[in-house]
Each structure stands twice: as structure tokens, then as C-alpha cells.
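Read through the structure below, which is laid out as C-alpha cells, and then see the notes.
The values are calculated or read from the model by the stated rules, or taken from the named source; none is laboratory data. Computed from a predicted model, the values in this text were never measured in an experiment. Cβ coordinates were reconstructed from backbone atoms using ideal geometry, including for glycine residues, and neighbour counts include every protein chain displayed.
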Amino acid sequence: MGYVKFLGTAGARFVVARQLRFSAGTWIELAGTQLLLDPGPGTLLRARRSRPPLDPAKLAAILLSHKHLDHSTDVNIMVEAMTDGGYKRRGALLAPTDALAGDDPVVLRYVRPFLDRIETWNGEHEICGVRIRPVPHAHGTVEAYGLVLDSAEGRVGFVTDCRFDSGLAAHYAGCHLLVLNVVMKDWKPEIDHLSLPQAGEIIAAVKPNLAVLTHFGTTMLRANPRLLAAGLAESLGIPVIAASDGLTVEAAEWGGSRLPAAGEQVDNGGGGGR
Ligand SMILES: [Zn+2]
């Protein structure tokens, strides 16, 4: 059965630098396909120390939402681990253009030939039965994307780092599970990240079966993410939980195990049929 496992839940530089939470990425299995989203610092370590240990050689793809360090530090070592030290050419990397080209690419040229394919986010992508659609996000000066993953285990959305926009929710319509990077408790106009009330606005509009908050900065951690999530759940009438390091959310929890095969789902953006 599919799952989403949060190897790390740190957001914001301070939390990452002090490792108040781990900053490893998110391991995803959908319809038997294993994917790794945003391998921040410590991803290889947290994957191997996970119980049971997660095996990079089983990954079909690494997904990079944007090139900020807390999302990409371990991308090169994970490519090497995924390809058996570079000896077994396999796997895919999906990444923004500026992670691969320009002045300051984060993906080393040295590891690129280890991969079967490298794709830059554009339109729709397909990895072993999982369809992946990028959602352009406004986030500082880098190219950034949220992701919507469709498979036989439902629709899973990742609202990764972004500046809030009232049009965002429409891109995540129909998500059974919605994961949101919520760095700040209160909105600050100068910071291109979601705050808790803005996350609430998106959840209220999307109405997923389950919403998971992650990628916490200090204001979220100080206020106890579990209590904040519970408060949001109560006010919205939608299940909302806060991720903790190592948390696994199983497909059954978002209804993914009871769904018809991909393609049979209602896909009109209205959440119909749920
Ligand atoms: Zn970022």
C-alpha cells in the first residue's frame, strides 16, 4: 500500500541549521513506485536509519521542487545512491531548469550521466504509473514548483515553498491528500512562504480527505504544530495533522486504498464524487 513518509520536517534556515527538526526529504510510494521529494541535508542518513531502512536503489525518481539548500543538499549523493554508486544507470531526476543550468546549478554534472533521464518541470510527467504535474510557485528568485501526483492510490498534492496566492488552491483541486509547507505561524509580507492562516485557506478550498502540515520554522515549532493543526482541523471541519520526523501517512488514511484506478477518477477540479 502507498504511503508518504516524512524523513524530515524542518523549514526555514534557523531550524535547518540547528537541526531542531531533521531536514531530510519526503519518501513517497504510490502504486508500487518509490519517489523522493526534496532531498535536503541528511536525507541519505535518515533514509538508511529509517525503520525499516529505505533503499535508494529502489527509487524510480528524485523530485526537486526548487534548488534552495534545505530541499536540494543531498540531491547528488541520492543520485549516486540510487544508481548503485553510479555503476548502474537508472532512475530519473525531475528538477527546475535553474537547478541544472545557469551560474549556480545544484546538480553536479558529474552525477548526471548516472541517470536514465533528466527532465525539467514542464507540463505533465510520468514515472512508472505515477503522473506528476508541476504547479508554478512564486518563491524568491528561484524557479519553484508544487506537485500534484496522480496514481491508482488517488491524488496527492504537495504545496511546497511558496508565496500565498488566492489562485493556488485551484491547482490542487481534487487532492485526496494535501501536504503543505507551513513555515510561519503568522503572515509576514516580506517572506515568500505560507503562513498557518494561508494554509488554512488553501485546505478549506481544496477540501482534501487529509491535510498534513510540514516544513516548520521557529514560530510554528514554538507554538506546537500538533496543537495548531488540531485547531485548524476543528475550525475547518477537515482532518489536519502536523508531520513529525519519521511520520508515515498510509494511503488508507487519505482514502487512497479505496479509490478506482487512475483515469476513472472524477477530474473536474470540483472534488466531485468524494
Ligand atoms: Zn525555499
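Here is a list of conditions, (1) buried (at least 24 other Cβ atoms within 10 Å of the Cβ); (2) of a type in the set (D, E, K, R); (3) more than 16 Å from the ligand (Cβ to nearest atom), and Arg133 meets all of them except one; can you say which number that is?
The number of the failed condition is (1).
Could you say which residue among Leu221, Leu210 is touching a helix residue (DSSP H, G or I) at 6+ places or on another chain (Cβ under 7 Å), surrounded by fewer than 23 Cβ atoms within 10 Å (Cβ to Cβ) and closer than 14 Å to Gly157 by Cα?
After ruling out the rest, the residue left standing is Leu210.
In the set Leu44, Leu93, Leu20, which member is among the hydrophobic types (A, V, I, L, M, F, W, C), under 17 Å from Tyr145 (Cα atoms) and at pLDDT 95 or above?
Every option except Leu93 fails the conditions.
Taking the criterion of being modelled with pLDDT of 95 or more and on the phi > 0 side of the Ramachandran plot, would at least one residue in region 169-176 satisfy it?
yes
May I ask you to say which residue of Ile191, Ile203, Ile238 is out of contact with any Leu (no Cβ under 9 Å at 6 or more places or on another chain), without any contact (Cβ under 8 Å) to a residue 60 or more places away in the chain and within 21 Å of Ala169 (Cβ to Cβ)?
From the options Ile191, Ile203, Ile238, the qualifying one is Ile191.
Of the residues Ala57, Ala47, Ala61, Ala101, only one is under 27 Å from Ala152 (Cβ atoms), more than 16 Å from the ligand (Cβ to nearest atom) and over 16 Å from the mean Cα position of the chain (by Cα); which?
That would be Ala57, the only listed residue that is under 27 Å from Ala152 (Cβ atoms), more than 16 Å from the ligand (Cβ to nearest atom) and over 16 Å from the mean Cα position of the chain (by Cα).
Within region 144-196, which residues are more than 15 Å from the chain's Cα centre (by Cα) and within 11 Å of the ligand (Cβ to nearest atom)?
Arg163, Ile191, Asp192
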